[in-house]
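The values are calculated or read from the model by the stated rules, or taken from the named source; none is laboratory data. Please read these numbers as outputs of a predicted model, since none were measured by experiment. Don't worry about glycine lacking a Cβ; one is built from the backbone with ideal geometry, like all the others, and counts go over all protein chains shown. SASA here: full protein model, heavy atoms, side chains in, ligands and nucleic acids out. Shrake-Rupley method; radii C 1.70, N 1.55, O 1.52, S 1.80 Å.
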Amino acid sequence: MGEHFSLGMGVILLSGLFNGAFPLPMKSIRGWKWENTWLLFSVLAVLLLPWALAFLFVPHLTQVYRNAPALSVEFPALFGFLWGIAQVTFGLGIEAVGMAVSIAVVSGLGSLFGSLVPLLVLNPGDLFHPRGIFLLIALPVLMVGLFLYGKAGRLREHDLLASDSPIAKTARNFASGLAICIFTGIFTSNFNLGFAFSNNLQRTAIALGATPASATYAVWALVFGAGFFPNLIYCAYLLSRNHTWHLFRGRTSAANFGLALVMAGLWGTGVFCYGVGATLAGPYGTSIGFTLFMASSILASNILGIWSGEWKATTPLTRRILIAGLIVILISVVILNLPGFF
């Protein structure tokens, strides 16, 4: 066990809480459509913030990219672009099958592929050592928790329909929507894979004066910089199709800009602290740490959802299933952290 493993896992846990909270300011945005908010958020959080941190905290950044092996630069950019596509299809999945099913499928598959692939590729011999065994035990437990949460979300939708709530949406064909969610869940893990396969880039940054923690910023700048482009293309398409470009000049634009800035701050704190935590946790930060990051993000979003009254119109059965799902997810988090005590 590395001496910084427990500290790294603690940082990852906090990063997940920030990440789960970042959509909350969207509830207060007025006068804009989704594409207006998401484009501004993407510019601030996915494009500007990563590159600003990289230029501020990574000495000789351009030289780092020149000196690093080509694959250690190309892989983060490639995985980042694929992650950006997943961000687009995630919205399509929510529209097709609803938030309950899409979050369960996307988060579950994201945890599975984002955790297992780095472990199998980078440390295959550890799969049947304590940390690998605990990972294999925790993953199905996490999947059960995600399933219960998805079930609760679907029941919530039925409860809202029964109460004549205007929130309910008309879903597309479920089979095609589920296929979109499966695709999204697999591709969501790409941002973690971009970090997992960037060790040589980080070593180059450290050799040129960066700390182990700040060296991660050179990776995130590539991953999210590339991931910005699919978001830009899709938002620009919606803005043109729906004729919503002019909303950026509306009366609420100043307030909405501030809310988008808060979103970017929460998201950036979550994601970049995950990179620091994964570095501190050592070679298991991108396997066990990624699953902890996903689980704590889900917990934070659920707790904030309950706090903001999203589940007020639901039946006791729905709330019991929701609580059961949260408890199971907490159990999976405990199992994931057990290796730190060995």
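Quick notes
- Surface composition of the chain: carbon and sulfur atoms hold 72% of the protein heavy-atom accessible area at a 1.4 Å probe.
- Here each label is just a point 7 Å from Cα along the line to Cβ, and for ARG249 and TRP307 those points are 3.9 nm apart.
- Three-way shape call for segment 224-342 based on the alpha-carbon gyration tensor, with the a/c threshold at 1.5: oblate
- Calculated mean residue ellipticity, 222 nm, the chain: -25000 deg cm²/dmol, from DSSP H runs (n ≥ 4) at -39500 (n - 2.57) each, averaged per residue and rounded to 500.
- Segment 1-84: C-alpha gyration tensor shape, a/c 1.5 cut-off, then a/b vs b/c: oblate
- The reciprocal of the average 1/r between distinct C-alpha atoms defines the Kirkwood hydrodynamic radius, which for the chain equals 20.6 Å.
- Label point distance in nm, HIS158-LEU317, each placed 7 Å from Cα along Cα→Cβ: 0.6
- Theoretical FRET efficiency, 1/(1+(r/R0)^6), r = Cβ-Cβ of ALA213 and HIS129, R0 25 Å, to 0.05: 0.45
- Placing unit charges on the Cβ atoms only, positive for Lys and Arg and negative for Asp and Glu, gives segment 192-342 a dipole magnitude near 380 debye about its Cα centre.
- What the chain shows is 45 Å² of accessible area per residue, with the surface traced by a 1.4 Å probe over protein heavy atoms.
- Tensor-based shape of segment 194-271 (alpha-carbon gyration tensor, a/c under 1.5 rounded, otherwise prolate or oblate): prolate
- The 1.4 Å probe gives accessible areas that order GLU74, GLU35, GLU157, largest first, as GLU74, GLU157, GLU35.
- Probe 1.4 Å - accessible area at HIS129, Å² to nearest ten: 90
- Accessible area of SER240 in the full protein assembly, 1.4 Å probe (Å², nearest 10): 60
- Ranking PHE293, PHE90 by solvent-accessible area of protein heavy atoms (1.4 Å probe, all protein chains present), from largest to smallest, gives PHE90, PHE293.
- Stretched out straight at 0.36 nm per residue, the stretch from SER240 to ILE206 would grow longer than its current Cα-Cα span by 7.9 nm.
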